[in-house]
Amino acid sequence: MTNILTRTEFEEIRAESLKVEEFYENKDGFDVIERCSDRFSDDYIQVVQLRSGLYLEINDYKYRNSLNVENCHELVSPIVSKFYLSGNHRVLTPRTDELNEDYVEQACHNYLFYLPDIEEIELTQAGEHIYLIKIHTDINFLRNFSMGFESLPLKLLEIIENDKTQRFHQPLGKITPTMQLSLQQILNCPYQGMTKRMYLEGKTIELLAMQVGQWENLNKQYNSIKRLRPDDLERVHHAKEILIQNWDNPPSLQELTRQVGLNDYKLKQGFRQVFGTSVFGYLQHYRMEQAKQLLAEQELSVRGVAQQIGYASQSHFCYLFKRQFGISPRAYRASFHI
């Protein structure tokens with residue numbers, strides 16, 4: 001492969017040949033629109049800020065020259081959705097264990113990924129027309145939904161619940177007709193001003209929900225094919241018993257896999273198949289059930305209950321309790337006085 005540009009080299013070459021044809025900032029009060037051309041391509045970029053932690057991008061790139069450029073992702077990175085209306089995009093990630101070293105994102109397909117702190121090489125051929133819609137979602141925006149996380153795909157669940165930096169790049173298959181309708185409604189929004197922002201936010205969240213649903217269906221299809229062997233199933237139940245017996249001082253995931261004789265992947269998938277949640281999610285659910293009992297007994301303060309079940313932060317405990325049961329610990333305790 002020849003002519004791989006660093007990001008700095010690319011920016012310098014682009015700046016020398018850049019011609020900005022249109023530029024609007026806050027045209028509707030919340031967006032940026034740019035139409036420009038440079039040595040490599042003719043570009044249309046629209047960025048729409050919907051709310052804190054959620055924004056939408058519409059990208060239309062027409063490449064006149066091939067471009068191979070290094071790209072670095074920041075350590076703090078959003079979850080990104082991509083919907084390719086046209087064009088193909090090849091990416092190399094040679095030093096990243098969690099991802100394929102060479103993959104292609106294709107026209108009429110959609111993807112969801114979380115790729116903080118990586119270096120990659122993006123390759124685009126001359127004549128390629130890449131037209132796509134991207135959604136950038138901050139992890140805290142997803143946490144605001146506060147309940148029902150246990151139904152999410154495992155990789156997404158672990159990031160939301162544990163602040164893990166485990167990366168993923170998930171191909172979700174072809175853009176469905178329902179997705180296509182929402183994408184066209186975004187591109188042809190009939191409103192202006194605040195109404196437009198509300199409309200686009202609704203369609204954006206709708207697309208995110210459809211992507212998560214598509215991922216869940218892929219997992220169901222996979223799990224229906226790859227069932228646990230009887231001895232592995234026994235080990236998963238053994239792991240559950242270990243967690244219950246040591247819920248106030250649980251072993252690490254690595255130690256738990258060693259004790260039951262299952263690798264990390266099989267244990268996680270086993271918990272998902274058997275209990276419908278992650279290892280951490282199962283433990284957290286059990287801890288919250290213990291917290292309910294302690295709160296009902298009225299002997300410990302809310303802080304004392306939090307510490308008793310292993311949470312140093314009372315506020316974090318209260319957040320998790322309310323997320324699981326829909327009521328705060330203090331309100332739950334007060335209900336016994338009625």
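The values are calculated or read from the model by the stated rules, or taken from the named source; none is laboratory data. The model shown is predicted, which means the values in this text are computed figures rather than measured ones. We place every Cβ from the backbone using ideal geometry, glycine too, and count neighbours over all the protein chains shown. What goes into the accessible areas is simple: the full protein's heavy atoms, side chains included, and nothing from ligands, DNA or RNA. Shrake-Rupley method; radii C 1.70, N 1.55, O 1.52, S 1.80 Å.
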- Item | Considering residues of the stretch 83-125 that are over 28 Å from E161 (Cβ atoms) and part of a loop (DSSP other than H, G, I, E, B) only, the residue least open to solvent (accessible area, probe 1.4 Å) | G87
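In the stretch 27-42, is there at least one residue being within 21 Å of the chain's Cα centre (by Cα) and charged (D, E, K, R)?
In the first step, residues of the stretch 27-42 are kept if they are within 21 Å of the chain's Cα centre (by Cα); the result is none.
No: the stretch 27-42 contains no residue that is within 21 Å of the chain's Cα centre (by Cα) and charged (D, E, K, R).
Among the residues of the stretch 324-337, are any among the aliphatic types (A, V, I, L, M), without any contact (Cβ under 8 Å) to a residue 24 or more places away in the chain and crowded, with 20+ Cβ neighbours inside 10 Å?
No, the stretch 324-337 contains no residue that is among the aliphatic types (A, V, I, L, M), without any contact (Cβ under 8 Å) to a residue 24 or more places away in the chain and crowded, with 20+ Cβ neighbours inside 10 Å.
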- Matching residues, the stretch 93-104, being touching a Pro at 6+ places or on another chain (Cβ under 9 Å) and touching a residue at least 24 places away in the same chain (Cβ under 8 Å): Y103
- Task: Give the stretch 27-64 a look and list any residue that's touching a helix residue (DSSP H, G or I) at 6+ places or on another chain (Cβ under 9 Å), assigned to a strand (DSSP E or B), surrounded by fewer than 18 Cβ atoms within 10 Å (Cβ to Cβ) and in contact (Cβ under 8 Å) with a residue 40 or more places away in the chain, or say none.
- Result: R51
- Task: Hey, can you tell me all the residues within the stretch 164-214 that are polar (S, T, N, Q), under 19 Å from K82 (Cβ atoms) and free of Cβ contacts under 8 Å to residues at least 12 places away in the same chain?
- Result: Q180, Q184
- Across (1) within 23 Å of R143 (Cβ to Cβ); (2) touching a residue at least 60 places away in the same chain (Cβ under 8 Å), D248 clears everything bar (1)
- Message: Restricting to the stretch 235-252, name every residue that is part of a helix (DSSP H, G or I) and open to solvent by less than 50 Å² (accessible area, probe 1.4 Å).
- Response: V236, A239, K240, I242, L243, I244
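A quick yes/no check of all residues on (1) surrounded by 13 or more Cβ atoms within 10 Å (Cβ to Cβ); (2) over 30 Å from Y282 (Cα atoms); (3) within 15 Å of the chain's Cα centre (by Cα):
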site	(1), (2), (3)
G127	no, yes, no
I133	yes, yes, no
T137	yes, no, yes
I159	yes, no, yes
I175	yes, yes, no
M179	yes, yes, no
R197	yes, yes, no
- Query: When you look at S66, is it at pLDDT 95 or above and not aliphatic (A, V, I, L, M), yes or no?
  - Reply: no
- Item | Total residues in the stretch 164-218, condition assigned to a helix (DSSP H, G or I) and either modelled with pLDDT under 90 or among the hydrophobic types (A, V, I, L, M, F, W, C) (or both) | 19
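Quick one: which of N65, N71, N100 is touching a strand residue (DSSP E or B) at 6+ places or on another chain (Cβ under 9 Å) and either closer than 21 Å to H136 by Cα or among the hydroxyl-bearing types (S, T, Y) (or both)? Break it down stepwise before answering.
Values: N65 fails: either closer than 21 Å to H136 by Cα or among the hydroxyl-bearing types (S, T, Y) (or both); N100 fails: either closer than 21 Å to H136 by Cα or among the hydroxyl-bearing types (S, T, Y) (or both).
So the residue among N65, N71, N100 that is touching a strand residue (DSSP E or B) at 6+ places or on another chain (Cβ under 9 Å) and either closer than 21 Å to H136 by Cα or among the hydroxyl-bearing types (S, T, Y) (or both) is N71.
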- Item | Every residue from the stretch 280-323 that is open to solvent by 50 Å² or more (accessible area, probe 1.4 Å) and under 18 Å from L157 (Cβ atoms) | F280, H285, Y286, H316, Y319
- Item | Number of the condition not met by T257 [criteria: (1) surrounded by 20 or more Cβ atoms within 10 Å (Cβ to Cβ); (2) of a type outside the set (A, V, I, L, M, F, W, C); (3) closer than 27 Å to G148 by Cβ] | (3)
- Message: One residue is enough: does the stretch 223-233 have a residue meeting the conditions under 23 Å from the mean Cα position of the chain (by Cα) and at pLDDT below 85?
- Response: yes
- T277 vs (1) hydroxyl-bearing (S, T, Y); (2) in a helix (DSSP H, G or I); (3) at pLDDT below 90: all pass except (2)
